[in-house]
Amino acid sequence: MRFNMRRKNPRRKKPKVSEESCALCGFCDDDPAILGDKIKVPELKCSVHYLCLLTSCGMYQKGAEHEGVFGFLINDIKREMRRSSRLTCFGCHHKGACVGCCVPKCRKKVHFPCGQRLEFVSQFKCPFPSYCPSHAPSQSLSPGLDLSLPRSCSICLDPIDPLLSFSILKCPSCHSSWFHRHCVQRQAHSSGLFFFRCTLCNNKDQFQEEMLRLGIHIPERDASWELESGAYSELLEVYRHCDAELCECPEGRSHSAKSGYMEIIRCRLCGSRGTHRTCSGLRLETRDWACPDCTSAIDGKPALMASPNLPQGRSLSRLSSPPVGHKRSRLSSSPSSSSPQELIRALRPMPRLQHQVTFRLRPHSKRHRPLPNRHCPLEVSRDNVLEASLGLVRSPEFDPSRELSIRFTDDVTLFPSSLNGDGTLQLFLDLLLRQIQDCEVFEGPEGCKNLALNAQALKVDLYFDIGVLLALALVHGAPSLQFFSPALYQLLFNFPQNQPLTTGHLTPGSPLTTTIQRIAAAQSVSELQCVLSFCSDHLTLSGCNRPIRSLEERAGLVDDLIAFSMITRMQLPLQRFREGLQTLGVFEQVQLYPSVFLPLFIGGEGHSHTAPTQYQAPEHGHEDQDILQHVVSSTG
């Protein structure tokens, strides 16, 4: 009698399925980065890996996302379990192999976790094919790549051999970033579709396409750090703690009132220090404060400690609106029937009304309430009109609604006795406008000025001050400015609208203007290339250093250079100049009727100095003599 001595291979038995094991691969491993999320399925009394569902040959997503397991129906999962129970894994020789090579002649089938160990490549894009090591896609080295240099994984920074394989990948964009496969897979799982990119060159589209081809699963969700509840909640917390050496608040250092001296204000430079106003001896209106550490770091420079958009002590709201009790007159007639001078004069605050007020004083009390001063006195000489005016508007007590009271300190023989109060004011305004035209915030020919970029003027906020002085000059009776260029008027008041700037709007003689004119005048491509190479420093500074291969591309380059010269680099000066012109509502009034105010700012040769006079002052120059002639004739 012959006995069959062949024993059954115990490895062919499929391990017993439990509630913690996957219904498809039979493994209990729970690694979302490698196997995907592990979802429990009560109907099957077990779990299932999401990537096992995606890569199974007999599985298709037939339902909606909320049906079954992410659209994979329960009956389809049971059917795939019965199909794979007859297939043996090429790696562990257990039943249940549901992942097979998609090449028709290849018979290799594995569990998905076994396929990861055997270097199977599964592509997670429709139709989700898998490839055995013999048919798997691979990468190739780019020519000229120096492999003698030491390499490291761009994610974990461990040393790496620059030999492309299943476990070693490289970036297809920069060819300099190398990765371990498991490192880049975990990065993809953490970053998600929206943040997954090369860690070295930051390429996203080409990098993601190559990683999908090589079998990296990229979840279609936001990054893991964005999904944590309350991950950025500390950013919403405002620092509220008094760090003064001696805190005088009776309720403690952490108490902050909504306003007043017990309100905690934070350091405007670092934001990580605070103080009660009373603990640091600050004023009630103080908003800009720097802690001692920041003050020592910047050497206590007030220009760096104050707000760049609203300098301390010169509040825009205080200048643009009059005090309570004052009324502004507005013209009810149409702008066509009113002159620009009348429209501006309508902004002048009405004089204060003297009301008789009876005060009830205590016995033997000599205190009384002083009457408010409705005049703003200013002593000037003809050479320092602008300097004295800047000191006036920079004073914390300056009030634009008060009337100007001018007194000249020069030799009295310089000014005729026929100059009354209005004539003195008119002389002051004429001298002020002359000196403003010649200051460092303007550039260009006489009567056609553009704003100039001056670092020192920005530091001391001179653009804002000049805007305030021009607004005051117009409101208090200056006949006209007539030294703005059309480009400056257009940039300030957007009139005329939608009109492009050309080379004719540029300031003549400036380096940028010369560069743009040379580029615009080139007659051939070779001449244009020569000019561009010569002006490469200016092009790099303006961000327009790009290759130009034809004369047709030159027009776009010239437009970009003009926009940079007139708009981009002048953003802050234009903004501060605009805010200064908002004093007493001048800027808003011009914006209402820009065409009416155009002759007030542009054109003409300045004031007309043709009226005769009997006074002569040759020792002071012809320019001052012309101004005096105009003032005397205009005041009678």
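The values are calculated or read from the model by the stated rules, or taken from the named source; none is laboratory data. These numbers come from a predicted model, not from an experiment. Cβ placement follows ideal geometry from the backbone for every residue including glycine, while neighbour counts extend to all protein chains displayed. Protein only, heavy atoms only, side chains kept; ligands, DNA and RNA dropped before computing areas. Shrake-Rupley method; radii C 1.70, N 1.55, O 1.52, S 1.80 Å.
Counting residues that are in contact with a helix residue (DSSP H, G or I) (Cβ under 8 Å, 6 or more places away or on another chain), open to solvent by 40 Å² or more (accessible area, probe 1.4 Å) and in contact (Cβ under 8 Å) with a residue 60 or more places away in the chain, which helices (runs of 4 or more DSSP H) fully inside the stretch 15-98 reach at least 1?
Once the helices (runs of 4 or more DSSP H) in the stretch 15-98 are filtered for at least 1 residues that are in contact with a helix residue (DSSP H, G or I) (Cβ under 8 Å, 6 or more places away or on another chain), open to solvent by 40 Å² or more (accessible area, probe 1.4 Å) and in contact (Cβ under 8 Å) with a residue 60 or more places away in the chain, what remains is 32-35.
Hey, can you tell me all the residues within the stretch 436-459 that are of a type in the set (S, T, N, Q) and part of a helix (DSSP H, G or I)?
Hits for the stretch 436-459 are Gln437, Gln456.
If I filter the stretch 124-145 for residues that are over 30 Å from Val48 (Cα atoms) and in a strand (DSSP E or B), do I get at least one hit?
Within the stretch 124-145, not a single residue is over 30 Å from Val48 (Cα atoms) and in a strand (DSSP E or B).
How about the stretch 425-443: which of its residues are in contact with a strand residue (DSSP E or B) (Cβ under 9 Å, 6 or more places away or on another chain) and open to solvent by 30 Å² or more (accessible area, probe 1.4 Å)?
Passing the criteria: only Glu443.
Which of the numbered conditions does Ser224 fail, given that it passes all the others? Conditions: (1) touching a helix residue (DSSP H, G or I) at 6+ places or on another chain (Cβ under 6 Å); (2) over 21 Å from Ser176 (Cα atoms); (3) at pLDDT 90 or above.
(3)
Are any of the residues in the stretch 516-527 closer than 21 Å to Val441 by Cα and open to solvent by less than 10 Å² (accessible area, probe 1.4 Å)?
No: the stretch 516-527 contains no residue that is closer than 21 Å to Val441 by Cα and open to solvent by less than 10 Å² (accessible area, probe 1.4 Å).
Of the conditions (1) more than 24 Å from Ala136 (Cα to Cα); (2) open to solvent by 50 Å² or more (accessible area, probe 1.4 Å), Gly192 satisfies every one except a single condition; which number is it?
(2)
Quick one: Asn202 ticks every box in (1) more than 30 Å from the chain's Cα centre (by Cα); (2) exposed (fewer than 13 other Cβ atoms within 10 Å of the Cβ) bar one, so which box is it?
(1)
If I ask for residues that are touching a Lys or Arg at 6+ places or on another chain (Cβ under 6 Å), more than 13 Å from Arg213 (Cα to Cα) and either open to solvent by 90 Å² or more (accessible area, probe 1.4 Å) or at pLDDT 85 or above (or both), which ones from the stretch 124-167 would you list?
Cys132, Ile160, Ser167
How many of the residues making up the stretch 221-254 are outside any helix (DSSP H, G or I) and in contact (Cβ under 8 Å) with a residue 12 or more places away in the chain?
16
Looking at the stretch 386-421 only, could you name the residues that are open to solvent by 30 Å² or more (accessible area, probe 1.4 Å), in a helix (DSSP H, G or I) and modelled with pLDDT under 70?
If the condition is that a residue be open to solvent by 30 Å² or more (accessible area, probe 1.4 Å), in a helix (DSSP H, G or I) and modelled with pLDDT under 70, then Val412, Thr413, Gly421 are the ones that fit.
Could you tell me which of the residues Leu462, Leu481, Leu427, Leu472 is more than 22 Å from Ile562 (Cβ to Cβ), of a type outside the set (Gly, Ala, Ser), modelled with pLDDT of 90 or more and more than 29 Å from the chain's Cα centre (by Cα)?
Only one candidate passes the filter, namely Leu472.
Taking the condition in a loop (DSSP other than H, G, I, E, B) and over 20 Å from Lys449 (Cα atoms), does Ile548 pass?
Criteria met by Ile548.
Does Gly585 count as at pLDDT 55 or above, open to solvent by less than 60 Å² (accessible area, probe 1.4 Å) and at positive phi?
yes
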